[in-house]
Structure formats: C-alpha cells, structure tokens
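Here the structure is laid out as structure tokens; the discussion comes afterwards.
The values are calculated or read from the model by the stated rules, or taken from the named source; none is laboratory data. Computed from a predicted structure; not experimentally measured. Here Cβ is always computed from backbone atoms with ideal geometry, including for glycine, and neighbour counts include all displayed protein chains. In case anyone asks, the SASA skips ligands and DNA or RNA and just uses the protein heavy atoms, side chains included. Shrake-Rupley method; radii C 1.70, N 1.55, O 1.52, S 1.80 Å.
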Amino acid sequence: VITKEIEFLAPESVAEALEVLSVRGPDVTVLSGGMSLMPMMNLGIVKPSVVMSLNHVAGLDSLSVEDGELKIGGMTRHRTVMTDDLIGTHAPMLAEAARTVGDVQVRNRGTIGGSIAHADPSADYLPVLAAGNAELVLASSEGTRRVPAAEFFIDLMFTVREPHELLTEVVMPVLEPGAGSGYVRFARVEGSFAIVNAAAVIGEGYSSTHIALGGVSPAPVMLDASDLFADGLSDEALEELASRAFDASEEATGDIHSDADYRRNMAGVFARRAVELAAGRLATAGGGS
Ligand SMILES: Cc1cc2nc3c(=O)[nH]c(=O)nc-3n(C[C@H](O)[C@H](O)[C@H](O)COP(=O)(O)OP(=O)(O)OC[C@H]3O[C@@H](n4cnc5c(N)ncnc54)[C@H](O)[C@@H]3O)c2cc1C
C-alpha cells in the first residue's frame, strides 16, 4: 500500500525530462509501463518521493533502421516489439522474446526500456540483447553514450545508468541475411518469469556463434562458441557447449523455484536448444527458400 504523498511529473519532451533529471536526478524515479515499478511501490520495496512518467514524452517509441542498425525507442511496448514488422524482420529474436513476457496486460503496458532499466536477471530481453550485440543509449542533458549490452548489466537489478541519465533507445545490429537466431526459455508456468533463458546468434555458415544465458547470474552470461561449430552442428560440439554453459554459470543461486545446480544444468540444456533453433533457421535462410 502506498501511504505517502508523491510528487508526479509528466514531461512532454525528452529535453524536458533530461532537464528534470539533471537537476533532481537522485530524487526522481522514472515511470515507463509501471509493470515492475508499481508492484514494487505497492509492496513498499520502493518508496519514491518524485515519480516522472515518460508516457507523455513525444518520440520515445520510434522505430527505424539506419546504417545496418535497428533503433527501438525505450517506450516501445512489449506488444509492439512482438508484432512490429521492422523488428520481426531485422531482430526476430527480440519479437520472439517479447511474445513470452508475462501476460497480455503486461505486454500491452510494459516497455522494452523499462525492462532493461529494471534489469531483472531473468528478464526475457537480456540474453537476446547480449547475444545480438545490442547497445543501450543513455541520454543526459550533457549528451548521450552508447553502452554495449554485455557491459550494461552490472548486478541484480543494477546497471551502469547514472541517476541523471535516461535510457532512451535500444540499438541492435540487423540480423545479416543468411544468419540465424533463436531464443528459448524455461518456465514452470506460462506467464511467469523464466528460470533460465538463452539466446543464440549464428553467423552465415557458422562463421560465428554467440550465446547468452539469463537467470544463472546477476547479469547475462556470454559464451563465444565459434570454435565449436566450425564444421556445423555435431552431438560432440553440442555436448561441449552444454558443459561450457554449466561452467560459465558458476554464479547461479538457488531460490524457491530451483536450486543452483539445477539452474546450471538447465543452462546447458537451453544453450543447446538455442543453438539448435538458430541453426535450423540458418539452414532455412541458406537454403534459398
Ligand atoms: C505479472 C507480471 C509478469 C511478468 N512477467 C515477465 C516475464 O515473464 N518476463 C519479463 O521479462 N518481464 C516480466 N515482467 C516485467 C515486465 O516485463 C515489465 O514491463 C518490465 O520489467 C518493466 O518495464 P516497465 O516499462 O513496466 O517499467 P517500469 O515498471 O515503469 O520501470 C521499471 C524500472 O525501470 C526504471 N525505468 C523505467 N524506464 C526507464 C528509462 N527509460 N530510463 C531509466 N530508467 C527507467 C524505473 O524507474 C523502474 O525502476 C512481468 C511483470 C508482471 C507484473
């Protein structure tokens, strides 16, 4: 229950929002879809004195492709990520991940920027962004900086974002023709957070294979398996990948859903599945269909 009075701000431009953050940054809590912030406020985990909504800021939900990069505004709702043609064509893994986020209400309201800023280690987008080599744009009244996803997430719900910065955009290199990608997750109940998730991107002809795992560490775990698949998929290479995923997930912790060892084993299983899924799409793309 929220018992104290909260100052509510609703800027209408990015410049206005950045001005607020430059003056009052540490005191201001940003509100995007509210799908994580509101439950945390209701539970008394977060007690902001100033809330700044981005819901009336113009231009924060734009989508474009420029110079081989897909640019997605931070206020883009999960539903749009899941259904938009531009995203489906150039970053199909992101659409695939968005489809699995929560339920209809969460997808209609929640945003990609909010999910990334919130940095839940089991969030669906995180391994996709890491495997896909995405960058996150942080804007402030002093300018902008682009941070690779692999460096953005520092710890459980903790990122490199400074209090005076706003996450305004996600930039993802477009999936090259002939390359394949795939996202898979393991959850007990549909609509709940993943216990473990994995994303894989395989370059044309297995020239590069990058995998990222979620749910097994405070930040996404990256695996470069390019050396394993130079001759294509083989049981031996997939076994070795599972073993590497297990080893790389040493920071996994247990909770009410599963113990740490189970998560590490699932990391191996889902790393394999992500690669197999991406490889199936690589073959289709290369098959000239
Ligand atoms: C029932 C339920 C089930 C869910 N299931 C899943 C799931 O299966 N998978 C999954 O990935 N997620 C799940 N979620 C979380 C959902 O994806 C949220 O939408 C997301 O975590 C937060 O996005 P939001 O836009 O709602 O952000 P908000 O709740 O508004 O904000 C979240 C945090 O990020 C900060 N913030 C928001 N936007 C910015 C910004 N632009 N710049 C800087 N800081 C910002 C806020 O201050 C706050 O601390 C679930 C949520 C619910 C309620």
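A few remarks follow.
- Considering only A271, A260, A179, and ranking their Cα positions along the charge dipole of the chain that arises from unit charges at the beta-carbon of Lys, Arg, Asp and Glu, the one farthest toward the positive end is A260.
- Within-11-Å neighbourhood charge of G25 [Cβ basis; K, R +1; D, E -1]: -2
- Solvent-accessible ranking of R244, R145, largest area first, probe 1.4 Å: R145, R244
- Rounded percent of accessible protein surface that carbon and sulfur make up, segment 39-115, 1.4 Å probe: 50 percent
- Principal-axis tilt of helix 260-286 within the chain, Cα atoms, nearest 10 degrees: 70 degrees
- Accessible area per residue (1.4 Å probe, heavy atoms of protein chains only) ranks E16, E251, E96, E69 as E251, E16, E69, E96, with the largest value leading.
- Taking the inverse of the mean reciprocal distance over all distinct Cα pairs, the Kirkwood hydrodynamic radius of the chain comes to 19.4 Å.
- Excluding ligands, DNA and RNA, the accessible surface per residue across segment 212-288 is 49 Å² with a 1.4 Å probe.
- The chain: most fluctuating residue of G254, G214, G113 per GNM, C-alpha cutoff 10 Å: G254
- Per-residue accessible area (protein heavy atoms, 1.4 Å probe) orders R161, R272 as R161, R272, starting from the largest.
- Hydrodynamic radius (Kirkwood) for segment 172-228, which is based on Cα pairs only, to one decimal in Å: 12.5 Å
- Protein heavy-atom accessible surface, 1.4 Å probe, per residue over segment 102-143: 31 Å².
- Working from the Cα coordinates of segment 176-289, the gyration tensor eigenvalues give, after taking √(5λ), semi-axes of 26, 15, 10 Å in decreasing order.
- Apolar share of the accessible surface for segment 144-289: 51 percent from carbon plus sulfur atoms, 1.4 Å probe.
- Hydrodynamic estimate: the Kirkwood radius of segment 1-86 over Cα pairs, inserted into Stokes-Einstein at 4 °C and 1.567 mPa s, corresponds to D of 89 µm²/s.
- Cβ-defined net charge surrounding D235, 13 Å radius [Lys, Arg +1; Asp, Glu -1]: -4
- Semi-axis lengths, Å, segment 86-158, gyration tensor of Cα atoms, sqrt of 5 times eigenvalues: 21, 15, 13
- Here the chain is treated with +1 on each Lys and Arg Cβ and -1 on each Asp and Glu Cβ, and its dipole about the Cα centre works out to around 840 debye.
- Ellipsoid semi-axes in whole angstrom, largest first, where each is sqrt(5λ) of the Cα gyration tensor of segment 136-224: 26, 20, 11
- Close amide H pairs (under 5 Å, H built 1.01 Å from N) link T29 with V50, V51, M52, residues at least 5 positions away or on another chain.
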